[in-house]
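Have a look at the structure below before the remarks.
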Amino acid sequence: MPIDAANAERIQDRLREHVLLPVERAPLPAIVTGVDISYAIGSDYAVAAAVTIGTSDLAVREVSLSAGTITFPYVPGLLAFRELPLLLEALAGLSAEPAALMCDGYGIAHPRRFGLACHLGVLLDLPSFGVAKTDFVSTHGEPGPRRGDWSPLEAGGELLGRAVRTQDGVKPVYVSAGHRISLPDASDLTVALSSRYRIPEPTRQADILSRQALREGLPARG
């Protein structure tokens with residue numbers, strides 16, 4: 001774990017060289033694992049959830065939880081260093097390796113083009129992408145009003161992701177590829193996994209279950 005923000009940024013710069021962003025489309029995976037963390041108010045205790053969802057029926061296939069103390073401070077752009085230890089522990093508790101990872105956060109739509117989805121994807125060598133609730137570093141036009149409509153997220157002429165409408169008339173979410181997945185596939189998966197709500201089911205369930213475990217006081221492992 002880096003001891004300060006400058007060291008963390010150097011790690012991001014080094015690992016960014018390993019990001020692979022294919023142009024080719026691929027068949028959508030049968031399952032997608034969403035990850036999220038819930039924090040206890042007024043303490044460093046947090047709970048991470050990894051929830052695997054079936055792409056065709058949106059049913060929960062498996063859940064793994066991990067609890068512990070967050071040791072890295074909150075620094076914009078360095079969220080991964082706060083969350084990675086618990087997220088990796090939660091993912092390690094799954095019996096089946098994820099076919100793809102969906103993060104509540106960013107892929108390359110990040111100040112150093114290396115958000116949480118990139119970091120997890122590179123470390124685990126898994127297809128990964130981010131679905132964020134707010135835009136971070138880019139600009140975009142308003143997507144059309146219908147489910148599946150999108151507009152490009154851009155910064156300095158660089159395409160970083162898409163603002164995607166997951167339900168008719170609701171605010172868009174912000175999709176960016178992280179590693180080993182194309183942006184169109186990440187966008188299509190986001191819509192496919194959002195049958196009823198603005199937030200796609202893998203990260204929505206990870207949020208719900210991590211909050212529930214936080215309320216119940218899930219003990220740290222080990």
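The values are calculated or read from the model by the stated rules, or taken from the named source; none is laboratory data. Computed from a prediction, not measured in an experiment: that's the story for all the values here. When we count neighbours, we look across all protein chains shown, and the Cβ atoms used for this are built from the backbone with ideal geometry, even at glycine.
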Discussion item. Against the condition in contact (Cβ under 8 Å) with a residue 40 or more places away in the chain, touching a Leu at 6+ places or on another chain (Cβ under 8 Å) and within 22 Å of residue 21 (Cα to Cα), how does residue 195 come out, does it pass?
Written reply: no
Discussion item. What's the total number of residues in the stretch 111-145 that are touching a residue at least 40 places away in the same chain (Cβ under 8 Å) and part of a loop (DSSP other than H, G, I, E, B)?
Written reply: 9
Worksheet entry | Some residue of the stretch 141-155 being within 21 Å of residue 17 (Cβ to Cβ) and either under 16 Å from the mean Cα position of the chain (by Cα) or β-branched (Val, Ile, Thr) (or both) | no
Worksheet item: Based on what the data block shows, is residue 51 within 19 Å of residue 129 (Cα to Cα) and among the β-branched types (Val, Ile, Thr)?
Response: yes
Item to complete: Look through the stretch 71-126, keep the residues that are hydroxyl-bearing (Ser, Thr, Tyr) and modelled with pLDDT of 95 or more, and return whichever of them is surrounded by the fewest Cβ atoms within 10 Å (Cβ to Cβ).
Response: 95
Response to the item:
With criteria (1) touching a helix residue (DSSP H, G or I) at 6+ places or on another chain (Cβ under 7 Å); (2) surrounded by 15 or more Cβ atoms within 10 Å (Cβ to Cβ); (3) at pLDDT below 95; (4) not charged (D, E, K, R), residue 19 comes up short on (3)
Item to complete: With the checklist (1) surrounded by fewer than 19 Cβ atoms within 10 Å (Cβ to Cβ); (2) over 13 Å from the mean Cα position of the chain (by Cα); (3) under 28 Å from residue 69 (Cβ atoms) in hand, flag the one item residue 209 doesn't pass.
Response: (1)
Worksheet item: Just wondering, is there one or more residues in the stretch 84-95 that are out of contact with any helix residue (DSSP H, G or I) (no Cβ under 9 Å at 6 or more places or on another chain) and more than 18 Å from residue 202 (Cα to Cα)?
Response: yes
Worksheet item: Being crowded, with 23+ Cβ neighbours inside 10 Å and either within 17 Å of residue 187 (Cα to Cα) or β-branched (Val, Ile, Thr) (or both), is that true of even one residue in the stretch 133-143?
Response: no
Worksheet item: How many residues does the stretch 167-187 contain that are buried (at least 17 other Cβ atoms within 10 Å of the Cβ) and not in a strand (DSSP E or B)?
Response: 9
Item to complete: Quick one: which residue in 34, 68 is out of contact with any Ser or Thr (no Cβ under 9 Å at 6 or more places or on another chain), assigned to a strand (DSSP E or B), crowded, with 17+ Cβ neighbours inside 10 Å and touching a residue at least 60 places away in the same chain (Cβ under 8 Å)?
Response: 68
Discussion item. Residue under question is residue 220, and the condition is that it be surrounded by fewer than 24 Cβ atoms within 10 Å (Cβ to Cβ), in contact (Cβ under 8 Å) with a residue 40 or more places away in the chain, closer than 17 Å to residue 104 by Cβ and aliphatic (A, V, I, L, M); does it hold?
Written reply: no
